[in-house]
Amino acid sequence: MSPTNRRSGRPYLPPSRTEDTRSALRSRRRKIRSDAIEPITLHANHHKPATVGVVYLSFGQEYKALTILSLSFLRRFGYAGPVRVVTDSCNWNVGHLDCELMLVPFRGMGFATRYYKTQIHQYAFDTTLYLDADTLPIASIRPIWHELRSAKVCLPLDFHNDFQGSLSHVVQGCQSDPREYRYMAKQRLLQHVFYNSDVILFRRSSACDRLFETWHEEWNRFGLRDQLALVRAVARTKSNVHILPPRWNGRLRSFGSIQKALEFGMRILHLRPGIDVCAESGSEMLLKSALAGRFNRMPRILSATR
């Protein structure tokens, strides 16, 4: 005898397969709504979406080797967060360094790479430390994030205090179009603070995006030196820029060795390709021993050359 409904007295009929299916689908929909779709994380070992990270820009074999050297030191001194490398090459053997490659079309070497540098915010994290490929972290970068308490864009000064000072010392290969110099003079920017773009610390915001968009626009005027375009962009947008202390962008040649630079409290150094470093063993870039000095904290995957 089949069971009956106590209220109606009618025989109880089990739900049909169609009703079971509908019930299961409703349950599944509720689960999807409650769980929500999580953003894609950059690294398998990060449980939360990456919002703070380091970004490099790297084109060509020489700068690929420099990037690997810089990234090796960055990891060696305790930075375990996300790293993104914007590059045109997918042939990177950096699995041990745990970084993400972001492939972009090749637009040329030299000044042509500034096409991407002046738009680096498009490839960045919410909070980003951008490092040129020829920078070398020689100590923990942990304290640098605190600089963002002063402004949403932080830049070091160039080795020349203003643009006019840079005119007396133009490095070979870094010459600009004379028309750009005249344009800077016309805009009355000869005495403007001259920033260095080897290290850029920034937090995403509408004002920050506007600065980068203006920087790219100004760079497109002449397509050459990005730092001159940066001066014009800061002036045009009247951006609030915090100047990073010198320890975040020093020149290795100013100290003679890494050990000496550490004694002066330096944390990031700027290298000269072919002078401070040399290529050996394929794509590896090795520091010259005279500059390494008694520096005893070299990454294990690298060793000082003769």
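How many nm separate the modelled label positions at Leu101 and His242, each set 7 Å beyond the Cα in the direction of the Cβ?
3.5
Mind giving me the FRET efficiency for Gln191 and Glu147? R0 is 25 Å, r the Cβ-Cβ distance, nearest 0.05 is fine. Could you put the intermediate results ahead of the total?
Values: r = 25 Å, r/R0 = 1.00.
That pair, Gln191 with Glu147, gives E of 0.50.
Given N residues in segment 52-250, what is its alpha carbon radius of gyration divided by 2.2 N^0.38 Å? Display every interim value, and only then the final one.
On the way: Rg = 16.3 Å, N = 199, 2.2 N^0.38 = 16.4 Å.
Dividing the Cα Rg of segment 52-250 by 2.2 N^0.38 Å gives 0.99.
Can you give the net charge of the other residues whose Cβ lies under 11 Å from the Cβ of His270, counting K and R as +1 and D and E as -1?
Values: positive: Arg251, Arg253, Arg272; negative: Asp132, Asp134, Asp158, Asp198, Asp276.
Charge balance in the 11 Å sphere: -2.
Would you please give the FRET efficiency between Arg210 and Asn93, computed as 1/(1 + (r/R0)^6) with r the Cβ-Cβ distance and R0 = 45 Å, to the nearest 0.05? Spell out each step's value before the answer.
Working: r = 38 Å, r/R0 = 0.85.
It comes out at approximately 0.70.
Quick check: Cα centre of segment 219-271 to Cα centre of segment 87-113, how many Å?
One Cα centre to the other: 22 Å.
Can you tell me the order of 125-132, 262-269, 139-146 when each peptide is scored by its average per-residue count of other Cβ atoms within 10 angstrom, highest first? Don't jump to the answer; show the numbers that get you there.
Values: 125-132: 21.2, 262-269: 18.6, 139-146: 14.5.
Put in order of decreasing packing, that is 125-132, 262-269, 139-146.
How charged is the neighbourhood of Arg114? Take every other residue with its Cβ under 14 Å from the Cβ of Arg114, and add Lys/Arg as +1 and Asp/Glu as -1. Numbers along the way, then the final one.
Details: positive: Arg107, Lys117, Arg221, Arg225, Arg232; negative: Asp132, Asp177, Glu180, Asp198, Glu217, Glu218, Asp226.
Net of charged neighbours comes to -2.
Report the relative contact order of segment 83-130, percent, no decimals, based on alpha-carbon pairs under 8 angstrom and at least 6 residues apart.
Numbers: 30 pairs, mean separation 16.6, N = 48.
The value is 35 percent.
Based on the alpha-carbon gyration tensor of segment 77-152 and its eigenvalue square roots a ≥ b ≥ c, which shape applies: rounded if a/c is under 1.5, prolate if not and a/b is larger than b/c, or oblate? Numbers along the way, then the final one.
On the way: a/c = 1.97, a/b = 1.32, b/c = 1.49.
Because a/c hits 1.5 or more and a/b fails to exceed b/c, segment 77-152 counts as oblate.
None of the figures in this text is laboratory data; all of them are computed from the coordinates on show. What you see is a predicted model, and the numbers here were worked out from it, not measured in a lab. All Cβ positions, even for glycine, are placed from backbone atoms using ideal geometry, and neighbour counts span all protein chains on display.
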